[in-house]
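For reference, the structure is listed below as structure tokens.
The values are calculated or read from the model by the stated rules, or taken from the named source; none is laboratory data. Please read these numbers as outputs of a predicted model, since none were measured by experiment. Backbone-built Cβ (ideal geometry, glycine too); neighbour counts: all protein chains shown. Each accessible area value is taken on the protein alone, full model and side chains, heavy atoms only, with ligands, DNA and RNA left out. Shrake-Rupley method; radii C 1.70, N 1.55, O 1.52, S 1.80 Å.
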Amino acid sequence: MTRLILASNSPRRKELLADLGYSFEIIPSNINEEIDLNNSIQNEIEKLSFSKALSVFKDNKDAIVIGSDTVVILNNKIYGKPKNKEEAKHMLQALRNKTHVVLTAVTIISNKQSETFSENAEVTFDNISDEEIDKYINEENVLDKAGAYAIQGLAKKFIKSINGDYFTIMGLPVHELYVRLKKYYE
């Protein structure tokens, strides 16, 4: 069986890939995650997922490598991982009572083929108070999450609606990845 590598330290991605039934290794990429805001956000996120996968593949050419990147977008502004709790609070204040898009890009690279795809979903937050935001930020680690929240965590109580794939919001579009990975094992 060909080695499978997830180029991410994300516990959510690890859990979701494990749920697909694959055995895999984790080798996180260490690339610069700069985004050129003059280009399409989707193209930039897809380039990031490709760069992550490629950086790990270069030293593991016998493997299939999966790289991924997720961002939250509101009014064409990217909300990545907050640098501190204050920035996390500002992000959540901006997202409250609004619908935003979560975009996840995935790249699969092997020595035979490679492909990049992206999926998105819309998430609508309730009109949460500053007190609720402060409490949430102090109860959950928000610094490693795009948009300062995890849909599967404590923030789920703030979500009014979802339009699209739940797992895309978690950071890995499971069904689409499963469909595409099958051809790498044929």
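Direction-averaged shadow area of the convex hull around the Cα atoms of the chain, nm²?
For the chain, averaging the hull's shadow over all directions gives 10.2 nm².
What list of ³J(HN,Hα) values in whole Hz, one per residue of the range 119-136 in order, does the Karplus curve 6.51 cos²θ - 1.76 cosθ + 1.60 (θ = phi - 60°) give from phi, with Gly and Pro shown as x?
Result, rounded to whole Hz: 10, 9, 9, 9, 10, 10, 8, 6, 7, 6, 7, 4, 5, 5, 5, 4, 4, 4.
Can you give me the C-alpha center-to-center distance between the range 39-107 and the range 133-152, rounded to a whole angstrom?
Answer, in whole Å: 16.
If you take every residue apart from Met170 with its C-beta less than 14 Å away from the C-beta of Met170, what net charge results, scoring Lys and Arg +1 and Asp and Glu -1?
Residues close to Met170 contribute a combined charge of -2.
Which one, Val142, Ala105, Leu74, projects farthest toward the positive side of the charge dipole computed for the range 50-142 from Cβ point charges (K/R +1, D/E -1)?
Ala105
Out of residues 5 or more away from Leu4 or on other chains, whose amide H comes under 5 Å of its own, with H placed 1.01 Å from N in the peptide plane?
HN-HN under 5 Å from Leu4: Glu25, Ile64.
Just from its helices, what would the mean residue ellipticity at 222 nm be for the chain, if runs of 4 or more DSSP H residues each count -39500 (n - 2.57) and the sum is divided by every residue, rounded to the nearest 500 deg cm²/dmol?
One gets -9500 deg cm²/dmol as the mean residue ellipticity at 222 nm.
Enumerate the whole-percent occupancy of each 10 Å bin, from 0 to the last occupied one, for all C-alpha pair distances of the range 1-46.
For the range 1-46, the binned pair fractions read 23, 38, 30, 9, 0 percent.
Compute the relative contact order of the chain as a whole-number percentage, counting only Cα pairs closer than 8 Å that sit 6 or more residues apart in sequence.
22 percent
Find out how many positive minus negative residues lie around Ser161, taking Lys and Arg as positive, Asp and Glu as negative, among other residues whose Cβ is under 11 Å from that of Ser161. List each step's numbers first, then the result.
Values: positive: Lys160; negative: Glu122, Asp126.
Within the 11 Å Cβ shell, the charges total -1.
On the accessible surface of the chain, probed at 1.4 Å, how many percent belong to carbon and sulfur atoms?
Solvent-exposed carbon and sulfur of the chain make up 44 percent of the total.
Using a cut-off of under 15 Å, list every residue of the range 53-83 whose amide N is near the label point 7 Å from the Cα of Thr2 along the Cα-to-beta-carbon line.
Flagged as within label range: 54, 57-58, 60-67.
In the structure displayed, which of Lys98/Lys156; Lys47/Lys156; Lys52/Lys81; Lys52/Lys145; Lys77/Lys157 lie more than 19 Å apart, Cα to Cα?
Lys47/Lys156; Lys77/Lys157
Write down Rg/Rh for the range 120-171, rounded to two decimals, with Rg from the C-alpha atoms and Rh from the Kirkwood relation over Cα pairs.
0.95
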